[in-house]
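Q: Encoded as structure tokens, here's the structure I'll be asking about.
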Amino acid sequence: MKTQLAFATAGLVLVAACADSGANYQPILDGTPTAAYRADLAACQTLARNQRQFDQDTMAATVLGAGVGAALGEAESGDALGGAVAGALAGGVSSAVDAGERREAIVVECLRGRGHRVVG
């Protein structure tokens, strides 16, 4: 029981740590950055970071994963808690990675929209 709780806590910390990872993206530019680049990058990263609906999606995926995992764990081995922990981690981490990629795309598109030649 304590081991499962430790894994659950570690998983939730991991998901929380990934929450803003895409917003901190440092893109690759084609050419020398302009004078306005640093200010534009900061503004675009803030825009990406403020998309809180991604955090809500991650929380929903974590809860859904826990529910499905609990049901499967109970049906397969009688271990609903273990299944819930595994399901929550799987759903939460998967959704956090997706949210990070979406935030990264926001940074790139925002900078392109401001006239910077972002290649990746």
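Q: Starting from the 7 Å offset along Cα-to-Cβ, what nm value, one decimal, do you get for the label separation of ALA80 and GLN56?
A: 2.9 nm
Q: What number comes out for the charge environment of GLY83, summing +1 per Lys or Arg and -1 per Asp or Glu over other residues with Cβ under 15 Å away?
A: Taking every other residue near GLY83 into account, the sum is -3.
Q: What order, most packed first, do the peptides 77-84, 88-95 have when packing is the mean number of other Cβ atoms within 10 Å of each residue?
A: With the highest mean Cβ count within 10 Å placed first, the list reads 88-95, 77-84.
Q: Calculate the length of the line joining the C-alpha centroid of region 19-46 to that of region 76-120, in whole Å.
A: Comparing the Cα centres of region 19-46 and region 76-120, I get a distance of 19 Å.
Only the coordinates and a few stated rules stand behind these numbers; no lab work does. Keep in mind that this is a model prediction, so the values were computed, not measured. Note: ideal-geometry Cβ built from the backbone for every residue, glycine included; neighbour counts use all protein chains shown.
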